[in-house]
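Participant: Starting off with a structure, shown below.
The values are calculated or read from the model by the stated rules, or taken from the named source; none is laboratory data. Bear in mind that the values here come from a model prediction, so they are computed numbers and not experimental data. Here the Cβ is made from the backbone with ideal geometry for all residues, glycine too, and neighbour counts use every protein chain on show. Keep in mind that these areas ignore ligands, DNA and RNA; they rest on the heavy atoms of the full protein, side chains included. Shrake-Rupley method; radii C 1.70, N 1.55, O 1.52, S 1.80 Å.
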Amino acid sequence: MDLLTEGGYPKGKCILVTGPPGSGKTILGLHFLHRSCQEGKKCILVLTRELTADILTQARSLKLNLEPFLENGQLHIRNIFEDKMNKIKSVSKFGKGLCAVDTDIIEYLSSMSSEVDVVVIDNIGVMAITHDIREFADEFSSISIILLKNGCTSLFVMDEDSYELTHRLTGYMVFGLIRLTTQENYSSGKTKQYLYIEKMRNTPVPVKYSLFDITPQGLRVISGMKPFLK
């Protein structure tokens with residue numbers, strides 16, 4: 001990743017990571033968080049659909065133990081979805097308002113400490129469910145501006161369906177765009193994962209899909225392949 005981006009993620013900028021289920025989006029975010037914490041940065045993970053316990057378990061399975069950073073206050077996890085569930089457990093209309101997470105994200109980020117260096121939001125795509133394209137653009141812009149003004153290096157994880165549903169608008173609004181994809185070999189039963197840095201402003205990036213493997217040290221690029229033809 002560092003080689004492909006000429007040194008890593010641009011400091012203080014917003015990067016979008018999108019792709020289909022199982023392509024490695026959340027794992028990419030976890031690696032980014034773990035490495036940032038190791039470097040002494042103050043980090044925040046905002047979850048909108050996953051359970052916190054499941055994310056921590058997934059991180060441990062990758063040999064990325066986030067618990068020590070949670071204990072010393074270097075990492076904070078805000079689970080918007082779980083917070084909403086806890087608030088409405090006693091309400092008869094269970095589930096009402098669970099999709100409307102954008103207001104909670106904006107309020108939370110607006111009140112975060114100026115000392116925060118890194119923010120990962122997984123999954124920003126839930127905002128596309130309850131808004132039309134103009135409303136989504138306004139909300140996404142608000143979140144991006146808050147993070148940029150705070151000087152945070154941010155990773156937005158967004159599922160491919162939501163990315164297409166919003167007409168790929170987010171790709172134009174961020175500083176960098178990383179697309180992940182998978183390719184299944186039906187004869188061998190194995191799935192290969194590919195990474196394509198579609199955009200990274202001020203950085204010359206390779207115009208190709210790169211085969212990668214997931215390791216405890218991060219994403220390891222194995223080889224490149226020719227660009228897909230339309």
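Participant: Among the residues of the stretch 7-33, what is the count of those that are of a type outside the set (A, V, I, L, M), in contact (Cβ under 8 Å) with a residue 40 or more places away in the chain and closer than 15 Å to Thr153 by Cβ? Walk me through how you get there before you give the answer.
Facilitator: As a first pass, look at the stretch 7-33 and keep what is of a type outside the set (A, V, I, L, M): 7-14, 18-26, 29, 31-32.
Keeping just the survivors that are in contact (Cβ under 8 Å) with a residue 40 or more places away in the chain gives 9-14, 18-26, 29, 31-32.
Adding the requirement that they be closer than 15 Å to Thr153 by Cβ leaves 9-14, 29, 31-32.
Here the count works out to 9.
Participant: If Ala100 passes every condition in (1) closer than 18 Å to Leu30 by Cα; (2) at pLDDT below 90; (3) among the aliphatic types (A, V, I, L, M) but one, which one does it miss?
Facilitator: With (1) closer than 18 Å to Leu30 by Cα; (2) at pLDDT below 90; (3) among the aliphatic types (A, V, I, L, M) applied to Ala100, the lone miss is (1).
Participant: Which residues, counting only those in the stretch 44-61, are open to solvent by less than 10 Å² (accessible area, probe 1.4 Å) and either part of a loop (DSSP other than H, G, I, E, B) or over 16 Å from Asn123 (Cα atoms) (or both)?
Facilitator: Within the stretch 44-61, Thr48, Ala59 qualify.
Participant: Being open to solvent by 10 Å² or more (accessible area, probe 1.4 Å) and closer than 20 Å to Thr182 by Cβ is the filter here; which residues of the stretch 2-23 pass it? Give the derivation first.
Facilitator: If we filter the stretch 2-23 for residues that are open to solvent by 10 Å² or more (accessible area, probe 1.4 Å), which is where we start, we get 2-4, 6-13, 20-22.
Within the stretch 2-23, Leu4, Pro20, Pro21, Gly22 meet the criteria.
Participant: Right, Leu64: part of a loop (DSSP other than H, G, I, E, B), hydrophobic (A, V, I, L, M, F, W, C) and either crowded, with 16+ Cβ neighbours inside 10 Å or touching a strand residue (DSSP E or B) at 6+ places or on another chain (Cβ under 6 Å) (or both) or not? Steps first, please.
Facilitator: Details: part of a loop (DSSP other than H, G, I, E, B): yes; hydrophobic (A, V, I, L, M, F, W, C): yes; either crowded, with 16+ Cβ neighbours inside 10 Å or touching a strand residue (DSSP E or B) at 6+ places or on another chain (Cβ under 6 Å) (or both): yes.
Yes; evaluated as a whole, the condition is true for this residue.
Participant: Out of (1) open to solvent by 50 Å² or more (accessible area, probe 1.4 Å); (2) under 28 Å from Thr130 (Cβ atoms), what's the single condition that is false for Asn72?
Facilitator: (2)
Participant: Any idea which of Glu184, Glu139 is open to solvent by less than 80 Å² (accessible area, probe 1.4 Å), of a type in the set (Asp, Glu) and outside any loop (DSSP other than H, G, I, E, B)? Before the answer, list the steps.
Facilitator: Details: Glu184 fails: open to solvent by less than 80 Å² (accessible area, probe 1.4 Å).
None of the others qualify; the one that does is Glu139.
Participant: Give me the pairs, please: first residue somewhere in the stretch 185-212 and on the phi > 0 side of the Ramachandran plot and in contact (Cβ under 8 Å) with a residue 60 or more places away in the chain, second residue anywhere and of a type outside the set (Ser, Thr, Tyr) and open to solvent by less than 40 Å² (accessible area, probe 1.4 Å), beta-carbon distance under 8 Å, and either six or more positions apart or on two chains.
Facilitator: Asn202/Pro10
Participant: For Lys41, which of the numbered conditions (1) part of a helix (DSSP H, G or I); (2) open to solvent by 60 Å² or more (accessible area, probe 1.4 Å) fails to hold?
Facilitator: (1)
Participant: Oh, and also: Gly189 is checked against (1) modelled with pLDDT under 90; (2) touching a strand residue (DSSP E or B) at 6+ places or on another chain (Cβ under 9 Å); (3) open to solvent by 50 Å² or more (accessible area, probe 1.4 Å) and fails just one. What number does that condition carry?
Facilitator: Here Gly189 meets the rest and fails (2).
Participant: With respect to Leu211, determine if the residue is under 21 Å from Leu148 (Cα atoms), more than 15 Å from the chain's Cα centre (by Cα) and open to solvent by less than 80 Å² (accessible area, probe 1.4 Å). Give the steps one after another, and end with the answer.
Facilitator: On the way: under 21 Å from Leu148 (Cα atoms): no; more than 15 Å from the chain's Cα centre (by Cα): yes; open to solvent by less than 80 Å² (accessible area, probe 1.4 Å): yes.
Taking the combined requirement at face value, the residue does not satisfy it.
Participant: Now, a different point. Within the stretch 103-121, take every residue that is open to solvent by 10 Å² or more (accessible area, probe 1.4 Å) and not in a helix (DSSP H, G or I) and give me the one that is modelled with the highest pLDDT. It would help to see each step written out before you state the result.
Facilitator: In the first step, residues of the stretch 103-121 are kept if they are open to solvent by 10 Å² or more (accessible area, probe 1.4 Å); the result is 103-104, 106-108, 110-115, 117.
Add one more test, that the residue is not in a helix (DSSP H, G or I), and what stays is 111-115, 117.
Numbers: Ser111: 92, Met112: 92, Ser113: 91, Ser114: 91, Glu115: 94, Asp117: 97.
This residue is Asp117.
Participant: While we're here: Looking at the structure I just gave you, is Leu4 at pLDDT 90 or above and among the hydrophobic types (A, V, I, L, M, F, W, C)?
Facilitator: no
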